[in-house]
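The values are calculated or read from the model by the stated rules, or taken from the named source; none is laboratory data. Values in this document were obtained by computation on a predicted structure and should not be read as measured data. All Cβ positions, glycine included, derive from the backbone under ideal geometry; neighbour counts span all protein chains shown. Note: accessible area is taken over every heavy atom of the protein model, side chains too, but ligands, DNA and RNA are not part of it. Shrake-Rupley method; radii C 1.70, N 1.55, O 1.52, S 1.80 Å.
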Amino acid sequence: MSDETPPGSSVGGPIGAGMGEFVALAARGGFAVNEHGGRALLKAIHEMLAWIDDQRYYLDALRQEPLLGSSTNAQAVKPFMREVAEDESGFLTQLLKLRESLGAAESAIQQAMANYQGADAQAADRLGER
């Protein structure tokens with residue numbers, strides 16, 4: 001993440017690093033999004049957040065020891081299945097980081113929409129429309 005990343009927008013790992021740069025770029029006016037495009041992006045973010053929240057019960061089942069039986073192979077595989085789900089680079093860990101980064105993305109999109117309004121107003125002023 002850059003030194004210009006706003007406080008509170010840090011999410012760990014590769015997902016967070018990219019999102020931190022995205023948030024910082026929006027904060028310094030590096031890109032703009034019109035209202036129509038911004039609403040579409042925000043709708044997609046909200047739908048993804050809702051899906052993650054709706055799936056929490058089912059996803060939590062991945063934290064449980066799988067019922068694979070008592071064979072030697074099953075006993076050897078059981079701990080790895082949980083690890084794949086919840087270690088630092090596991091599916092659940094990364095999904096929760098994605099969820100956190102979507103909140104940062106929402107803020108960046110809102111800032112980019114404000115950037116667009118500001119750029120639009122400046123362009124109108126230069127053209128003498130105001």
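Worth a mention:
- Cβ-Cβ under 8 Å pairs, at least 6 apart or on other chains, segment 83-105 side within 12 Å of Leu62 (Cβ to Cβ), far side of a type in the set (Gly, Ala, Ser) and buried (at least 17 other Cβ atoms within 10 Å of the Cβ): Phe91/Ala85; Leu92/Ala85
- In segment 24-63, the qualifying residues are those that are among the aliphatic types (A, V, I, L, M) and free of Cβ contacts under 8 Å to residues at least 12 places away in the same chain, and the one that is farthest from Ala114 (Cα to Cα) is Ala61.
- Counted residues, segment 80-95 - those being assigned to a helix (DSSP H, G or I) and either open to solvent by less than 70 Å² (accessible area, probe 1.4 Å) or in contact with a helix residue (DSSP H, G or I) (Cβ under 6 Å, 6 or more places away or on another chain) (or both): 7
- From the list Ala61, Ala50, the lone residue that is modelled with pLDDT of 90 or more, in a helix (DSSP H, G or I) and open to solvent by 30 Å² or more (accessible area, probe 1.4 Å) is Ala50.
- Restricting segment 11-32 to residues that are open to solvent by 50 Å² or more (accessible area, probe 1.4 Å) and modelled with pLDDT under 75 leaves a set whose member that is nearest to Ser101 (Cα to Cα) is Ile15.
- Single unsatisfied condition, Ala105 versus (1) farther than 20 Å from Ala27 by Cα; (2) assigned to a helix (DSSP H, G or I): (1)
- If you go through segment 109-130 and keep only what is closer than 16 Å to Ala40 by Cα and either open to solvent by 70 Å² or more (accessible area, probe 1.4 Å) or modelled with pLDDT under 90 (or both), you end up with Gln110, Gln111, Tyr116.
- Residue count for segment 98-108, restricted to those that are open to solvent by 30 Å² or more (accessible area, probe 1.4 Å) and either of a type in the set (A, V, I, L, M) or more than 18 Å from Gly20 (Cα to Cα) (or both): 1.
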